[in-house]
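Structure first, then comments.
The values are calculated or read from the model by the stated rules, or taken from the named source; none is laboratory data. Bear in mind that the values here come from a model prediction, so they are computed numbers and not experimental data. Methodologically, a virtual Cβ is constructed for each residue, glycine included, from the backbone with ideal geometry; neighbour enumeration extends over all protein chains shown. Quick note on the areas: whole protein, heavy atoms, side chains included, nothing else; ligands and nucleic acids left out. Shrake-Rupley method; radii C 1.70, N 1.55, O 1.52, S 1.80 Å.
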Amino acid sequence: MTYSELVTAIQTYTENNFPSTTLADSTVVSSTTQINRFITQAEQRIYNTVQFPSIRKNQYSAITANNKYVSLPNDFLSVYSLALVTGATGSPINLDTGTFEYLLNKDVNFIRQAYPTPNSTGEPKYYALFGPTIVSSAITNELSLILGPTPDATYYVELHYYYYPVSISDTVNNPSGTSWLGDNFDTVLLYGSLVEAYTYMKGEADLIALYDTKYKEALALAKRLGDGMERQDAYRSGQYRQAVT
């Protein structure tokens, strides 16, 4: 399902084109803005319920000696894994020639207690989500990690993390009007958007309940895929068997 098909479906199901509205402060909210909000709200609900592999990405970066903080990407949501790469060679550096050692996730207080001074340097073994990144004494909206112990040399890290993919409604950054969710599980995206749209409309309770039920049914199937089938295979997990009575 493409963006245009999704918009048409929302308007058809709700029998509402969501005409432009003017707020109390004279701000005009267009039809497109309203519908895009329904879509992005639905996407966020889905992405925070099902851990699809499609909402993960990875990034390599260098960490320098005597700096225990690692800035995170602008689109970071949460850590999937963090690996320290040692012994890599080449120019530019070829990380595939190095050894990967995965760091253990801990609390900040654990790292502060275990390595109470910046002089506690060595090869990092642990990391924790620290808080906002500080740039030129200004607190930003982006997060950072703290490592323990403080790196004693320059290392490379491979960060796998969760993020929000570009919305199917973002025509600027996604001119194709497609997304993994729209291509592979459009049912949950459609009914999730309809729930948001009918809530906005203050629609009839029975219709809101109907669409919410359909959304939860589609979401259950999406979880079966993202949190189940995509995390196993027949070799290790065996084939699915239906109980015979």
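For the condition acidic (Asp, Glu) and surrounded by 17 or more Cβ atoms within 10 Å (Cβ to Cβ), what is the one hit in Glu204, Glu158, Glu142?
Glu158
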Exercise for the section: Write out, first by first residue and then by second, each pair whose Cβ atoms fall under 6 Å of each other, whose residues are 6+ apart or on separate chains, and whose first residue, in the range 234-245, is outside any helix (DSSP H, G or I) while the second is polar (S, T, N, Q) and open to solvent by less than 100 Å² (accessible area, probe 1.4 Å). Expected result: none
Exercise for the section: Scan (1) in contact with a Leu (Cβ under 6 Å, 6 or more places away or on another chain); (2) under 18 Å from Leu143 (Cα atoms) for the single condition Leu77 breaks and write down its number. Expected result: (1)
Exercise for the section: Determine whether the range 23-32 contains at least one residue that is in contact (Cβ under 8 Å) with a residue 40 or more places away in the chain, surrounded by 13 or more Cβ atoms within 10 Å (Cβ to Cβ) and of a type in the set (Ser, Thr, Tyr). Expected result: no
Fill in the blank from the handout: Within the range 50-104, of all residues that are closer than 20 Å to Thr150 by Cα and among the charged types (D, E, K, R), the one most open to solvent (accessible area, probe 1.4 Å) is Glu101
Exercise for the section: Check whether at least one residue in the range 181-192 is more than 18 Å from Asn36 (Cβ to Cβ), open to solvent by 80 Å² or more (accessible area, probe 1.4 Å) and more than 20 Å from the chain's Cα centre (by Cα), and report yes or no. Expected result: no
Completion exercise
Filter the range 195-230 for residues that are outside any helix (DSSP H, G or I) and under 27 Å from Asn17 (Cβ atoms); the one that is farthest from the chain's Cα centre (by Cα) is Glu204
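Per-residue answers, yes or no, for (1) aliphatic (A, V, I, L, M); (2) modelled with pLDDT of 95 or more; (3) part of a strand (DSSP E or B):
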residue: Gln113; (1), (2), (3): no, no, no
residue: Pro118; (1), (2), (3): no, no, no
residue: Gly131; (1), (2), (3): no, no, yes
residue: Ile139; (1), (2), (3): yes, no, yes
residue: Glu142; (1), (2), (3): no, no, yes
residue: Leu145; (1), (2), (3): yes, no, yes
residue: Ala153; (1), (2), (3): yes, no, no
residue: Tyr156; (1), (2), (3): no, no, yes
residue: Pro165; (1), (2), (3): no, no, no
